[in-house]
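First comes the structure, then the notes that go with it.
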Amino acid sequence: MWYQNWSATWPHALMQFDKEWIVLTGRIKLRSETFCIQKSQIQDLTVRRGLLGVGIRVRTEGDSTSGVVFWVFSKRDAVAALRGLGWTVAN
């Protein structure tokens, strides 16, 4: 299945992460999907600004999850939490 450039936000999606993984769970095309992305697969994490808020964009190498944007309530809190676990997030 193709999910590039999926736009996800709570309560329809959930982003969890630790030092080695980002896990995105949400409903896509009426199905519940979970993507487990290992740190070594991620090219970059960037802050993405939209009309109604700010998101974290996950870009991977040619993978179906490349370009997924998870929209957050607080850019500062999300970026601080990711950086606190050793992730590099570009503004």
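The values are calculated or read from the model by the stated rules, or taken from the named source; none is laboratory data. Just so we're clear, the structure is a prediction, and the values are computed from it rather than from any experiment. Glycine also receives a Cβ, built like all others from the backbone with ideal geometry; neighbour counts cover every protein chain displayed.
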Six or more apart or on different chains, Cβ atoms under 8 Å: show the pairs whose first residue is in the range 53-67 and of a type outside the set (Gly, Ala, Ser) and modelled with pLDDT under 85 and whose second is in a loop (DSSP other than H, G, I, E, B) and surrounded by 16 or more Cβ atoms within 10 Å (Cβ to Cβ). 65/3; 65/6
On the basis of being out of contact with any Leu (no Cβ under 9 Å at 6 or more places or on another chain), surrounded by 11 or more Cβ atoms within 10 Å (Cβ to Cβ) and hydrophobic (A, V, I, L, M, F, W, C), does residue 13 make the cut? no
If you go through the range 55-86, how many residues are surrounded by fewer than 20 Cβ atoms within 10 Å (Cβ to Cβ), hydrophobic (A, V, I, L, M, F, W, C) and in contact with a Phe, Trp or Tyr (Cβ under 7 Å, 6 or more places away or on another chain)? 2
Filter the range 6-22 down to residues that are at pLDDT 85 or above and under 14 Å from residue 67 (Cα atoms), then give me how many there are. 1
Restricting to the range 40-91, count the residues that are in contact with a strand residue (DSSP E or B) (Cβ under 7 Å, 6 or more places away or on another chain), more than 16 Å from residue 15 (Cα to Cα) and hydrophobic (A, V, I, L, M, F, W, C). 1
Restricting to the range 26-46, give me the number of residues that are surrounded by fewer than 16 Cβ atoms within 10 Å (Cβ to Cβ), assigned to a strand (DSSP E or B) and at pLDDT 85 or above. 6
